[in-house]
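Taking it in order: structure first as structure tokens, then the write-up.
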Amino acid sequence: MYASREDIGYDFGDDSKAGSKPIKPNPNIDGGWAWMIVLSSFLVHILIMGSQMALGILNMEWLEEFNQSRGLTAWVSSLSMGITLIVGPFIGLFISMCGCRKTAIIGGILNALGWILSAYASNVHYLFLTFGVTAGVGSGMVYLPAVVMVGQYFQKRRALAQGLSTTGTGFGAFLMTALLKYLCTEFGWRNAMFIQGAISLNLCVCGALMRPLFHVVSEKHVVRSNSEDNQAKALSHSAETIKSNGIISEEPEKKEEETNEEVLDSVQHIEIGGKSRSGRSMYGLRILKTVSQLTVTVRKGFAIWYSSYFGAASLFTNRVFVAFIIWALFAYSSFVIPFIHLPEIVKQYNLSNQNNIFPLTSIIAIVHIFGKVILGIISDLPCISTWNVFLMANFTLVTCILTLPLMQTYVTLAVVCALIGFSSGYFSLMPVVTEDLVGTKHLANAYGIIICANGISALLGPPFAGWIYDMTHKYDFSFYISGLLYMVGIIFLLIQPCIQKKQPREKSSEEAQV
Amino acid sequence: MSVRRLAAGADPSNNRRVTRKEWSSQQNPVFFFKAQSEKLARAAPSLAFALSVDLGLQQPALPQSLPGPLETSLSSRCPRAVRGRAGPAACAAAGERQWERGGGWGTMPAAFSGKRPGRLLRLLLLCLSLSLSGGSPADAAMTTEDTSQSQANFLTKMQAGLNESSAEPMITTGTVNWQTQGSPSDHLAHGHDVSTPGPDPTTQELKQATKENMSNHTFVKYEVILPGVSNTSIEENITLDSATRIELSCRLDHKYSHLKNFQVTWKRGNETIRHINKTENSWSIQLGILDNSNLGSYSCTLKGEEEISAMFHLQVPKIEGKEKPIVTYEGDTAVMVCKSFGYTPIAWTWYVTNGSEQIAINDSLLADKYVINRVSANVTHLKILKLTKEDDGVYWCEAAFELGKSKGKLKLKVLSFMVPLKPFLAIVAEAIILVTIVFLYEIYSKRKEKCAEDEKEFDQVEQLKSEETNGLENSSTRHRKI
């Protein structure tokens, strides 16, 4: 859990009642309001990722309007997508300071602003600034909280929830493409972007739905029982294994800090109440109080964020996590390469007729949606570890990428594409794996780094593929090279058993308890 | 079957003997290409070249050896049927065969991976460069047929109506010589069987044009090679913008010369035209196109056991408008642009559609509303000032050529400021309402929870109180509420 003030419920009164009060798991976890969070995340994916996919239409309009080179115009859309992902770590800072909800609402407003300002663009460079940067940052500010909130609200069904919410990408692509096309033909592209800005304001609605999670009593328990009970009781936090032990021990300190803080505030409150009733001094004191609260929040949030990146207990000391980041860098760049080359492969082997009936890219997209949900369900099963499912999906994907150049008929290509679509459903498992590695508390910062790595590779992937193609003039090599890079990334994942020194002991003790 | 425009132009400034040595020394295709295009650019406008390049060779070669943009212009060079059905492999295969027949070149590998630079690549790239630098027919060389018999270069044209061209290298041993042999028809008959392999016997279209200077008019020749099979219809669009003398001929491929006992008729509509039997296998008509009435469709029909026919469509150049409407606002100014590609019209006229009729726009009459500007010879602008709702609709730009007129369509959409604003405000309002609802619901449910919790705590306190009946002080109550 994040230790930001807004996320903690104000119920610290029962210090003396240690142990006698039963653990009351928050009813909203894995049910209740959690499904609204899934809905909110689904809508976020539709609006943000869908708009990214639908930028092809706007790209054509910009080409016609501004008469710049294709490369320059294409940079607007890739910049927007890249920035959405790359600002991840900084959004972690926001989340630590203000909480998910405020970040999402501000992000929604920023995104809408970006779209509306782009409607008045006079050249492509203006578009870089308004659409690429502003709308990109806004999208990033909504995207990360959406994923993180789902991770917080679900313990047992995490993978399924993530899978369900990320299917919004696929639906969004269809929906937003149709919508943008209609708006462009009806009103022209400038008005279309103007209206799309209003539609992006719905991201604020999604943000409003992200109710902060109040961990009431179970937190207290963690505070009291510090040592051996820690792991057993904290099972209400996460059904899976907690790999980062250090994080839990950090929590109680934070709680006590907050307790003191709260007491201080209450004392102040009483003091203020007891003093002079003159409105002016009360008003002034209230302002002072708010300001002091704000600075405390900001300072604390910054401290948390900073400590998770640079401190001794930083995320980077977690070696498995570092391996995971490196994998993320390699995986994404290799993933986009097949998509770029598929149309040309179709032309090369003259499969246009069959492709027109059922395009290969649609096969990938449709199977991808199913893959996400199914892989989510599978990895939620208590007997199967998410990590293993993740690894298997990765292996399947890299095998498919490496064998794709060898396929020359439509049927074999379709089969390979279906496999690619299905195994790339592991995207829904990434937040789950991240959460398993670093714990719920640091999920925002950790996942921020992951999507930053994704963003970097998404930005570098297409040009890299084009560069390989320019050098070799054959599609095969780009596939082989990207497959190789992917293998390198997977190898980093595979060394996890070797670099995990302390964990195996902890794991066995935990299993013994359970 | 194929269409050939017989080329008989010989520009002396461009006669060259290209030796094998010279070719093989230029190994790098890209540099060769650049050099050639530079040479072409420097050459006189009356360029007369004709290349016959194997169409099939180009398709697989280009993606590998040349940058992207050229690909699109050249993918059209692959024979239509081959392209459509069998793909690049068939093109290459066709190429193989063609080279074999052409003699002296040997077998070309189907995957022309650029491993054999030299002659073939040079040929390829020469053709490329020509096609790209090809200009309007007015630029073409005018030489007589007689002069074409001497050492000549053949002309390749890229015109609006012509989308495929090919030429034939005359390869003699030792040196590469661009030469005609005898009459153009002989030349065409020589070893250029571009029939495609296997199931596609038809539609590799080749054109070569002959242009002659005869008094004030240009003289153009078009030839179509008829297939032996009757199920395909061959049509050819020929674009003319000024008065020309034209000769259309149908030739039966010598492969099918076994067909006997047939009758050839040339027709325009229902009216039969007298034709000349140029050679044993070709029949042609000569026409003088002087005005619009002479344009139309001419057909030649071979009636034997089967009926084979080909159609020539003589047209004025087409003007393209815009399919997407131009979106403007009330009170704004709109500029509509019409372009003619390749041909210069004599005059431009703009029409506005009022109901069902088209009214010419007179900009001298309504000078404060319409401004017509002929920016350059081929481009015209119509500027409409102070737009109102009535200006919304369809506009036509008409280009007048010597032989007729052609129109382009443009659509104008005039919106008021409120039109896009209304959905915008509606959606913003909806977002705000939803946010308010969500927050209100949350406050409401929190209050309910708090009430329920208070009740529970109250009950628990009662319980504890009843438990500790011995008067033990219950300190919990004091700590409970903050």
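Here, each number is a calculation from the coordinates, and none is a lab measurement. A quick note: this is a predicted structure, and the numbers were derived from the prediction, not measured. So basically every Cβ, Gly included, is an ideal-geometry build from the backbone, and we count neighbours across all protein chains shown.
With neighbour counts taken as other beta-carbon atoms within 10 Å, the residues A:Met430, A:Met60 rank, fewest first, as A:Met60, A:Met430.
3J(HN,Hα) along the range A:39-53: 4, 4, 5, 4, 5, 4, 5, 4, 6, 7, 5, x, 5, 4, 5 Hz, from the Karplus curve 6.51 cos²θ - 1.76 cosθ + 1.60 with θ = phi - 60°, whole Hz, x for Gly and Pro.
Sparse packing (at most 14 other Cβ atoms within 10 Å of the Cβ) combined with a DSSP loop state is found for the following chymotrypsin sites (Phe, Trp or Tyr not before Pro) in the range B:252-325: B:Phe262. Return the distance in nm (one decimal) between the two label points of a simple spin-label model at B:Ser376 and B:Glu462, each offset 7 Å from Cα along Cα→Cβ. In this crude label model, B:Ser376 to B:Glu462 measures out at 9.3 nm.
Run through the range B:247-307 and list the trypsin sites (Lys or Arg not before Pro) located in a DSSP loop whose Cβ has at most 12 other Cβ atoms within 10 Å.
Working: sites: B:Arg251, B:Lys255, B:Lys260, B:Lys267, B:Arg268, B:Arg274, B:Lys278, B:Lys303; in loops: B:Lys260, B:Arg274, B:Lys278.
Answer in residue order: B:Lys260, B:Arg274.
Here the Karplus curve 6.51 cos²θ - 1.76 cosθ + 1.60, taken at θ = phi - 60°, turns the phi angles of the range A:107-115 into couplings of x, x, 5, 4, 4, 4, 4, x, 4 Hz, with x standing for Gly and Pro. In the structure shown, the pairs B:Lys221/B:Lys255; B:Lys324/B:Lys422; A:Lys372/B:Lys446; B:Lys267/B:Lys339; B:Lys267/B:Lys407 are assessed against 26 Å; a Cα-Cα span above that value is assigned to A:Lys372/B:Lys446; B:Lys267/B:Lys339; B:Lys267/B:Lys407. List the chymotrypsin sites (Phe, Trp or Tyr not before Pro) within the range B:322-412 that DSSP assigns to loop and that have no more than 15 neighbouring Cβ atoms inside 10 Å. In loop regions of the range B:322-412 (DSSP not H, G, I, E or B), the sparsely surrounded chymotrypsin sites (Phe, Trp or Tyr not before Pro) are B:Phe341. Rounded to whole numbers, the Karplus 3J(HN,Hα) couplings from phi for the range A:162-170 are 4, x, 4, 6, 6, 5, x, 4, x Hz, using 6.51 cos²θ - 1.76 cosθ + 1.60 with θ = phi - 60°, and x at Gly and Pro.
Close amide H partners of B:Asp253, meaning residues 5 or more places away or on another chain with modelled amide H under 5 Å apart, are B:Leu226.
Between B:Tyr329 and B:Leu415, the built amide H atoms are under 5 Å apart, and every one of these is 5 or more places off in sequence or on another chain.
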